[in-house]
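Visitor: Mind having a look at this structure? Questions to follow.
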Amino acid sequence: MKDMERENFENEWKNAFEQAEISPSDNLWTSIELELERAEGKKMKRKLLHYKFMAAASITFALCFAGVGFYYFSNERRNYSSDQLALQSTVKNELNTSALQSISERSNEGQLLQKKNEPLNQSSQVFDADKRADETDRAEENHLPFELKPNDDGKISLPVRRNSVGLKAAHQIQKRKPHDGEEFIAETRDEILKDKTNTESNIFQNESQTEKYTKANILLSRGDNVKSTKELRASGKPAAIVDLDKHFKDNLENKEISEQGTNISNEPPVMITSKLQYGTSSKDAAVALMRDNSSGSDHQTQTLTDNRERLVTKVPVGKLSTDPKNLDGNFTFRELPPLIETPKVELSIQKKEEDPFKVMMARLEKREAELAKEDVKELRKNTIVEKLWTSVGFAAGNVNSSNSSVSSSSGNNTMARAGNTSNTAINQSRASGTSYSAGLNVGTKVAKRWVVQGGLNYISQTSAYQSDAVVASPNLDNFRAASLTDVNNTKSNTKASKLVGTSNYRVNNNLQYVSVPLQAGYIIVNHTFAFQVNGGISTDLFIQNTLTPENSNLEKVTQRGDESSYRPVNFSGLFGTEISYRFGKHYRLALNPGLRYPINSIYKAGTGVVANPVTMDVAMRFRYIFN
Amino acid sequence: MLTEKELIEGCCKGNRASQKALYDRYCRKMMTVCLRYSKSTAEAEDILQEVFVKVFNNLKDFRQEARLDTWITRIIVNTALNTRRKKLYLYPMVDVDTISIPDQELSLSGVHFTQLVEMIQSLPHGCQVVFNLFAMEGYSHKEISELLGISEGTSKSQFARAKSLLQTKLLKESSFYERYGEGKL
């Protein structure tokens, strides 16, 4: 019961909603439509993507395939070209070296149609060009050069193509008499057809017109310009052998079909002959013999399996031209057609009409480039490199000789003899003073930061010292200041003059040098303001020294050369710095504090005085920069 | 007027007119179904929109073994359950205590279905789902338990509770009408 009530309850509710319908809002369909469009768009995108992938894959595959094919193709072509070259060179070599003399026949090829027991009064040339042509074709297929093997007799068989022009040219149908070896000649097809008068030589007797025509074509297929034997003999061209056995079934006696049959078909020839015996029949086979005019042929008789005899003849054909293309003789080679016919590509460059705007733009660009180059040049021009310069300078400083020393073995002995002790030498050697120099220098930049400079300077060094000796003239009228030389030199103490001791008096000693410095400098700062460190050596050339006493009663003394106690040439070490400022394009003002130190004593060795006066000065130089 | 088969074919081809026609034919009925499974009209429309998109995208899979409205209803149920599954997770259904169902038999004849929809929507989530599945769709408790991942006992108790609540509401409605003398709708 309760279950039924429950079921009624559920059924009532179910029934209440059976026909219940409520309309949704109007824009709900729009929303649904948008969703559908979005979903379709995604589908389309996916499809499009799929097609794109397919297209890309196809293109990639095609490119790969093309690449592989190109690679393979180019390899083949390369091989073909190299093989062709090898072939030509081989042929040329062979022709050049061998100078083909004969065409030999292989023993199992070819047959000579010969009347039985008929003496072969003319040499004949036989070869199976068919087989040779096969070989040629095979060789071509394999891209191999022709095999030019010498035969047993040392003669080389010439390869001939199936449709060789030479072969055609060499054809000749020879007329043969059936009884006594009469020759048969068919000059043209019409002649062949018309040749009915001579029953003995009428090979088309009792043949249908079609057969006749066919045979005539066959005859002619061996050569277009078939000539008579006489003409051929005159031209020296051999004849070709034509086998017409198949077409002459009737009225032939002792006809034997060649074991190889004929190659009479639509294909061009070649010749296999059969041994035909001519009887008394009016018909006989049209036989063409390969003949030439040369003699000395070799004949061989070969017995075949069916007991037929086959005559093989080797004949010299005459010399062949070394040019395989144009053989002087029997055969003419013709060039093999290219395996791959490359299409001729003609490049044609279409002249386009010039767009004036583009022309103008091009001109503008060109002008801009030119201007840019000029700017660069100008910039380079304006850029100061200071490669070469010259300078004039003036320096002032002091000289310090406190490190000098005087040896005890000096000339003080003279004074000792004089009874006076003179400190002149000591004072003079130790005198300090001032130094002035002026000069001209030249410098150049050897590297980015290295310079080398040299010059010529005049140096004047003045020092004062206390002297206590004078040099008196012999009559004691004149007195002059005594120098170190006077003190040390006994010459001064001669009868003409003598050294006299006095009270101290002041003497100014002035030394004059010419200095030739050579310095190297390293540029530390290279701008408008520059800083440089210099070092070098100078050669100091002594000019003179002047002793000027302050006492007016004494005369001054100027000493040069041997009179002076100073070394004539001295070397000094130089060290200094340079601070400079560039103004303008060509000028630089420099301040050069420096130091000069004589490497050797400035006094001569005999003086007993060792002095290396140190000069410290500051120079101001005005530099002119050339470039 | 197109037959259902023609409509389906048109919809499968993506013919917008066919789709519109199909929508017009079934949207009102399905809206009612969606209202039963939702708490508001807006939610119901969302469910309906989602359902029809699914219908048009998958109509080619409809084998026409059953009626189309039944098939759409099944889609609505599944969609509603998927939507409400989170809420069902948040509000797990448990066995309720024994519920006393009023003895008075109440009839639904005087109650408009819109009111019934409101009553269903006022039910708790679990009760609403179970009630719809059992009473309206005809699922068994066993099937409901498998569908919702609850025990069969929970399904039964949830339904009983839903029923009790609905009857209580119906009682109120009827007594209201009796008190104020207004005719039943």
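Visitor: Using θ = phi - 60° and the Karplus form 6.51 cos²θ - 1.76 cosθ + 1.60, what ³J(HN,Hα) does each residue of the range B:148-160 get, whole Hz, x for Gly and Pro?
Guide: Coupling constants for the range B:148-160: 9, x, 10, 7, 5, x, 5, 4, 5, 5, 5, 5, 4 Hz.
Visitor: So which GluC sites (Glu not before Pro) in the range A:524-594 are both in a DSSP loop and have at most 14 other Cβ atoms within 10 Å of their Cβ? Don't skip to the answer; put the middle values down first.
Guide: Values: sites: A:Glu550, A:Glu555, A:Glu563, A:Glu578; in loops: A:Glu550.
Taking the range A:524-594 and a limit of 14 other Cβ atoms within 10 Å, the loop GluC sites (Glu not before Pro) found are A:Glu550.
Visitor: Using 28 Å as the Cα-Cα cut-off, could you pick out the over-long pairs in B:Lys142/B:Lys172; A:Lys448/A:Lys585; B:Lys20/B:Lys169?
Guide: B:Lys142/B:Lys172; B:Lys20/B:Lys169
Visitor: Let me know the mean shielding of B:40-53 by other chains, meaning the per-residue number of their Cβ atoms within 10 Å of its Cβ.
Guide: Mean number of neighbouring Cβ atoms from other chains: 3.
Visitor: Using label points projected 7 Å from each Cα along Cα→Cβ, tell me how many nm separate A:Leu336 and A:Leu364, to one decimal.
Guide: Label at A:Leu336, label at A:Leu364, 6.2 nm between them.
Visitor: Which percent of Cα pairs goes in each bin when the distances of the range B:104-170 are cut into 10 angstrom slices starting at zero?
Guide: 22, 51, 23, 4
Visitor: Something else now. Taking the Cα centre of the range A:454-587 as origin, work out the dipole magnitude from +1 charges on Lys and Arg Cβ and -1 charges on Asp and Glu Cβ, in debye rounded to 20.
Guide: Dipole of the range A:454-587, to the nearest 20 debye: 180 debye.
Visitor: Work out from phi, with θ = phi - 60° and the Karplus expression 6.51 cos²θ - 1.76 cosθ + 1.60, the ³J(HN,Hα) of each residue of the range A:586-600, listed in order in whole Hz, and give x for Gly and Pro.
Guide: Running phi through 6.51 cos²θ - 1.76 cosθ + 1.60 with θ = phi - 60° gives 10, 10, 8, 10, 10, 10, 10, x, x, 9, 10, 9, x, 5, 10 Hz.
Visitor: What is the Cα coordinate range of the range A:485-623 on the first, second and third principal axes, sorted by size from largest, in whole angstrom?
Guide: Computed over the range A:485-623, the largest-to-smallest principal extents equal 67, 31, 22 Å.
Visitor: Can you list residues from other chains, or at least 5 along the same chain, whose modelled amide H is less than 5 Å from the amide H of A:Ser565?
Guide: Amide H neighbours of A:Ser565, under 5 Å, 5+ apart: A:Thr485.
Visitor: Another question, if that's okay. Find how much the distance from A:Tyr458 to A:Glu550 grows on full extension, using 0.36 nm per residue of separation minus their present alpha carbon separation; answer in nm with one decimal.
Guide: In short, 30.6 nm is gained.
Visitor: Give the long-range amide H neighbours of A:Glu555: residues separated by 5 or more places, or on another chain, with amide H under 5 Å away, using H modelled in the peptide plane at 1.01 Å from N.
Guide: Correct list: A:Phe479, A:Arg480, A:Ala481.
Visitor: If you don't mind, there's one more thing I want to ask. Find the sum over both chains of the accessible area lost when A and B are paired, probe 1.4 Å, and report it in Å² to the nearest 100.
Guide: Answer for the A-B pair: about 3100 Å² buried.
Visitor: Which residues' amide hydrogens lie under 5 Å from the amide hydrogen of B:His112, considering only partners 5 or more residues apart or on another chain, with H built in the peptide plane?
Guide: Counting only residues 5 or more places away or on other chains, the set is B:Leu185.
Visitor: Okay, moving on. Which whole-Hz couplings ³J(HN,Hα) result when phi for each residue of the range B:65-70 is put into the Karplus expression 6.51 cos²θ - 1.76 cosθ + 1.60, θ = phi - 60°, listed in order with x for Gly and Pro?
Guide: Calculated HN-Hα couplings, in order: 7, 10, 6, 5, 5, 5 Hz.
Visitor: For A:31-42, what's the mean count of beta carbons from other chains sitting within 10 Å of each residue's beta carbon?
Guide: Taking the mean over all residues of the peptide, I get 4.
Visitor: Can you tell me the Rg and Dmax of the range A:588-627, counting just the alpha carbons, in angstroms?
Guide: 16.2, 50
Visitor: Here is a further query. Sort A:34-46, A:586-598, A:14-26 for me by packing, meaning the mean count of neighbouring Cβ atoms within 10 Å per residue, highest on top.
Guide: Per-residue mean Cβ counts within 10 Å order the peptides as A:586-598, A:14-26, A:34-46.
The values are calculated or read from the model by the stated rules, or taken from the named source; none is laboratory data. What you are looking at is a predicted structure, and each value in this text was computed from that prediction instead of being measured. Heads up, the Cβs are rebuilt from the backbone with ideal geometry, glycines too, and the neighbour counts pull from every protein chain shown. Calculation scope for accessible area: heavy atoms of the full protein, side chains included, ligands and nucleic acids excluded. Shrake-Rupley method; radii C 1.70, N 1.55, O 1.52, S 1.80 Å.
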